[in-house]
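Derivation of every value follows stated rules applied to the coordinates shown; laboratory data play no part. Source: prediction; values computed, not measured. When we count neighbours, we look across all protein chains shown, and the Cβ atoms used for this are built from the backbone with ideal geometry, even at glycine.
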Amino acid sequence: MSFFTMLVLAAMLATIVALASGISSMATDHEVGHLDSAHWMEWRVAFQAIAILLVLFAMYVET
């Protein structure tokens with residue numbers, strides 16, 4: 001397994017964890033839970049962007 005593959009898998013795992021955390025925060029009835037859910041959404045988007053950039057960079061380097 002190459003280094004870039006491990007980085008992409010780590011970014012994908014971080015995205016899944018952020019998604020699950022955001023969903024669980026959104027499921028709470030408190031105002032804090034909904035604010036926390038928005039923060040998890042921002043983290044998820046950032047992790048997705050990192051994963052996409054890593055895939056593109058890996059494709060560029062490997063060719």
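Things worth noting here:
- Ranking of VAL8, VAL55, VAL61 by count of other Cβ atoms within 10 Å, fewest first: VAL61, VAL55, VAL8
- Span per principal axis, largest first, for the Cα atoms of the chain (Å): 50, 17, 10
- Helix 31-62 and the long axis of the chain differ in direction by around 10°, with both axes built from C-alpha atoms.
- Cα long-axis angle, helix 3-26 against the chain (0 to 90 degrees, to the nearest 10): 10
- Ascending count of other beta-carbon atoms within 10 Å, so fewest first, for LEU56, LEU19: LEU56, LEU19
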